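Notes to accompany the following structure.
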Amino acid sequence: MKKLINIVVAFLISTTVSRSQVVTVLDKQTANPVPDVFIFNKDKTVTSVTNEFGEFDISPYKKGDTLFFQHSSYNLLKLPEEKIIENNYTVYLDEKLFNLNEVVVSAKRWEENTTELPNEITVIDKKEIILQNPATSADMIQQSGQVFVQKSQLGGGSPMIRGFAANRILFVLDGVRMNNAIYRSGNLQNVLQADVNSIESTEIIFGPGTNIYGSDALGGVIDIHLKKPVFNIDSSWKTSGKVYAGLASAAWQKTGHFRLNTANDKLAFLTMVSFSDFDDLRMGSHGNDFYLRKEYVKTLNGNDTVVTNDNPLIQHFSGYSQTNVTQKTGYKINDYSRLNLNFYYSVTSGVPRYDRLLQKKRNKFKYAEWYYKPQSWMMLTAGYTERKKRWFSDNIKTVFAYQNVKEGRNDRKLKKNWLRKRKETVNILSSNVDIDKNLKRKQNLYYGLELVYNNVKSEAVKENIKTGDKKATATRYPDGGTNTLNGGVYVSYKKSGENVPLTFQAGTRLSYSYLDAKFVDTSWYHLPYTEILMNNTALTGSAGISYYPGNWKLSLNLSSGYRAPNLDDVAKIFDSEPGNVVVPNENLSPEYLYNSEISVSKSFRNRFMIKATAFYSYLDNAMVRGDFLLNGKDSIMYDGEMSKVEAVVNTGYAKIYGVNGTVYAQITGNLGFETYLNYIKGHDNNFNPLRHVSPFFGKTEIIYEHNKLQLAVNCYFNGEVSYDDLAPSERKKTHIYAKDENGNPYAPAWWTLNFNGSYAFNKNFLLTFGVENILDKRYRPYSSGITAPGINFITALHVSF
């Protein structure tokens, strides 16, 4: 017995000693672990690198050594070894207010320094996300000040990048394409599938990303990375996690998040669960009275009544709730290869389509109900990464994914008993293989392939809300099912100068797309065909050069992109706006984009930087919604009313051009300033304005950091979109736009003043707080169907363990 006690005591002492040699490096403002910190002593005879927990072993260093802590995003720190022990083996680093040489992975799916890239990329990191406290991933993107976001309802957010939106920009999550066969050409709200509370970082590529990502990446790519499982430093099991609880007043948002990481040095498990609940949104009290919600439809016992709103600032009905679950597993096969198995799930309650609830016909509400349900997404992925030098590769990354998407649209006309329910189910299989090879003399080769298969099932029924009776109705997409296949192979080459600060990059991609849609019952609209079959191929490319002597950077990039028609373009039937109906077009063909951009930046002593980027894009064979004939008729009966026939058609061309500017300034060691300005214009071959060209917009922010405190005051601003600058399709949406002095719809200019802050009490407790729209302004962003939040008090507590 005594021998056993001695063994246990010896084990505990050895464990304590061993763990006491482990130092944790944390961010001073957020207390988050900082991985990949390079540590060395004065003569660099001993070096270390922190793991993903921000840990390293201090035991190899001698007593009395001074340790240097170096990271590209943080200020250099030097500490005597005894000071580290005195601080309980914890080191805090100060992040640079502005990082001018960020590393990104979105450009070629492998890590690259932004200095070498010829195209525009912005990064939203976890520290910025924590400070801003965004309610959703769409709000996170909008708060960057570099991407305009439209909202049709509270449970949504459709980014607009360089005059493109929806299925003309590509959404990527953890390396997997999210765009599917039913991604709309209108405004799209699917970016909310990414749980904002689980995001590690987001990279946004501006301009065509077709060379690496294939079809749809015309305006840009939104590449979101969720947190990964973290391995322990040794073979013992370690558990860590975070609990987050937040409140926001404008929609009485309640958010909870739980994160648990359990791992040893070979196997790691990460569980993340989030839940958010939103009540009806309150708009601001100072602004245009057109946006007030003066009345709404209330249904009691199956009877619809228009009632006066007791508080016109409350937007009935806009509230919803959302749940996200993510489970990730990582396994280190050996020192150079890893296997990842991931599960993702996102589901919402019924999400009211708020802009449709505002729609009127002959001064009466058109709809009593309009909501999305079901609204769910599930994904399973299996990934393999290998970092081993072979004759054909240095790094290999493969991802196989399965997705199941369910989208339901439910609508009922005012004082009508029949509720129309339409549901789409999309099953998606995809595979990606990406390879990187480091050649001699600062040359790199990147190549890979992608295959994506979609199967779409479309159903529809009408249900009587009083009797429960059901009857058939027309589906949104072909009722016989649809299959699509998209594939591509790409190669890209990079050469950096050996004695000259210059990098050249070029690449090309061959893509193929196939679509087969079958109609079983064509009696609803008497279509003249029962099947739509399409095959398309495209060859695209890009070439760019970056020259970065001293504190200058000059870059030029030429690129092309394409988008093959998807099911939503080709074969959808829906009401686009009052009095119009969109029908299938079997003769639709791909559109092609040709883009050029030039960028110039100059930094001064790493404390001040100014940057300007200009671009010009030419969209050929553009797919746009236009007048159409069905069986020789320009109007048909749709959902009980005569409607003008439209379809997505190929028009001549569209031109889009713009400029954006950025200024960073570190005024003192603790005080910084940044501003972003974005100006975009565009028109089609008839000189009509384009729907997804955003107004002039931007952000100006002052940031203060001191020890564990971080504060920010910012201003978001938006220019006016006059009636003449509205696209023809937008001019018809009189229910969402204010009226100018001539009684025509337009989008007024607006600006808001906002405040955010955070304080890290210690490595376990972090408090964030803020006030958005301090002046309680009432405004509605361009093309949006819901008015923006009024004054919004935000607070959240993060507890780490």
Tell me yes or no: at least one residue of the range 75-95 is closer than 23 Å to LYS553 by Cα and either among the acidic types (Asp, Glu) or under 25 Å from the mean Cα position of the chain (by Cα) (or both). no
Can you list residue pairs whose Cβ atoms sit under 8 Å apart, with the first residue in the range 581-609 being over 30 Å from ARG184 (Cα atoms) and the second being acidic (Asp, Glu) and not in a strand (DSSP E or B)? Count only pairs 6 or more apart in sequence or on different chains. SER599/GLU120
Single condition LYS732 does not satisfy, out of (1) open to solvent by 60 Å² or more (accessible area, probe 1.4 Å); (2) over 18 Å from GLN150 (Cβ atoms): (2)
Consider only pairs whose beta carbons are under 7 Å apart and that are at least six residues apart or on different chains; among these, list those whose first residue lies in the range 78-91 and is of a type in the set (A, V, I, L, M) and whose second residue is open to solvent by less than 50 Å² (accessible area, probe 1.4 Å) and part of a helix (DSSP H, G or I). VAL91/ILE84
Yes or no: SER601 touching a Lys or Arg at 6+ places or on another chain (Cβ under 6 Å) and either crowded, with 16+ Cβ neighbours inside 10 Å or part of a loop (DSSP other than H, G, I, E, B) (or both)? yes
Only one of (1) touching a His at 6+ places or on another chain (Cβ under 9 Å); (2) under 26 Å from LYS495 (Cα atoms); (3) hydrophobic (A, V, I, L, M, F, W, C) fails for LEU630. Which number is that? (2)
Need the failing condition index for ILE199 against (1) surrounded by fewer than 22 Cβ atoms within 10 Å (Cβ to Cβ); (2) at pLDDT below 95; (3) β-branched (Val, Ile, Thr), just the number. (2)
Set LEU429, LEU439, LEU449: member being closer than 22 Å to VAL491 by Cα and modelled with pLDDT of 95 or more: LEU449
Answer yes or no as to whether ILE224 is farther than 30 Å from VAL693 by Cβ, surrounded by 14 or more Cβ atoms within 10 Å (Cβ to Cβ) and among the β-branched types (Val, Ile, Thr). no
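Answer yes or no as to whether LEU711 is touching a His at 6+ places or on another chain (Cβ under 7 Å) and assigned to a strand (DSSP E or B). Step through it out loud before you land on a result.
Values: touching a His at 6+ places or on another chain (Cβ under 7 Å): no; assigned to a strand (DSSP E or B): yes.
So LEU711 fails the test.
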Looking only at the range 694-707, decide whether some residue is buried (at least 16 other Cβ atoms within 10 Å of the Cβ), in contact with a helix residue (DSSP H, G or I) (Cβ under 7 Å, 6 or more places away or on another chain) and not in a strand (DSSP E or B). no
Test each condition in (1) touching an Asp or Glu at 6+ places or on another chain (Cβ under 8 Å); (2) open to solvent by 20 Å² or more (accessible area, probe 1.4 Å); (3) in a strand (DSSP E or B) for THR475 and report the one that comes out false. (3)
Hey, could you check the range 353-371 for residues that are under 24 Å from the mean Cα position of the chain (by Cα) and open to solvent by 10 Å² or more (accessible area, probe 1.4 Å) and say which is farthest from ILE333 (Cα to Cα)? ASP355
Select from the range 396-430 the residues that are closer than 22 Å to SER349 by Cα and among the charged types (D, E, K, R) and list them in ascending order. LYS406, GLU407, ARG409, ASP411, ARG412, LYS413, ARG420, LYS421, ARG422, LYS423, GLU424
List, please: which pairs have Cβ atoms under 7 Å, are six or more places apart or on different chains, and start with a residue in the range 251-273 that is over 21 Å from PRO134 (Cβ atoms) and end with one that is small (Gly, Ala, Ser) and assigned to a strand (DSSP E or B)? LEU260/GLY241; ASN261/SER240; ASN261/GLY241; ASN261/ALA268; ALA268/GLY330; PHE269/ALA263
Taking the condition of being free of Cβ contacts under 8 Å to residues at least 60 places away in the same chain and polar (S, T, N, Q), how many residues in the range 415-451 meet it? 6
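Only one residue in SER511, SER496, SER458 is crowded, with 16+ Cβ neighbours inside 10 Å, polar (S, T, N, Q) and under 19 Å from LEU117 (Cα atoms), so which one is that?
Details: SER511 fails: under 19 Å from LEU117 (Cα atoms); SER458 fails: under 19 Å from LEU117 (Cα atoms).
None of the others qualify; the one that does is SER496.
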Here the residues within the range 267-306 that are of a type in the set (Phe, Trp, Tyr) and open to solvent by 50 Å² or more (accessible area, probe 1.4 Å) are PHE269, PHE275, PHE290
From the option list ALA654, ALA647, ALA612, single residue qualifying as surrounded by fewer than 19 Cβ atoms within 10 Å (Cβ to Cβ), part of a strand (DSSP E or B) and not β-branched (Val, Ile, Thr) is ALA612
Residue list for the range 768-790, restricted to those being surrounded by fewer than 20 Cβ atoms within 10 Å (Cβ to Cβ) and under 25 Å from the mean Cα position of the chain (by Cα): PHE769, VAL771
Can you tell which of TYR723, TYR759, TYR746, TYR704 is of a type outside the set (A, V, I, L, M) and without any contact (Cβ under 8 Å) to a residue 24 or more places away in the chain? TYR723
Members of the range 739-769 found to be in a strand (DSSP E or B) and within 24 Å of PRO159 (Cα to Cα), listed by number: PRO745, TYR746, ALA747, TRP750, TRP751, THR752, LEU753, ASN754, PHE755, ASN756
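The values are calculated or read from the model by the stated rules, or taken from the named source; none is laboratory data. Predicted, not measured: the structure shown is a model, and the values here were computed from it. Every residue, glycine among them, receives a Cβ derived from its backbone with ideal geometry; neighbour counts consider all protein chains shown. Accessible surface areas use protein heavy atoms only, side chains included; no ligands, DNA or RNA. Shrake-Rupley method; radii C 1.70, N 1.55, O 1.52, S 1.80 Å.
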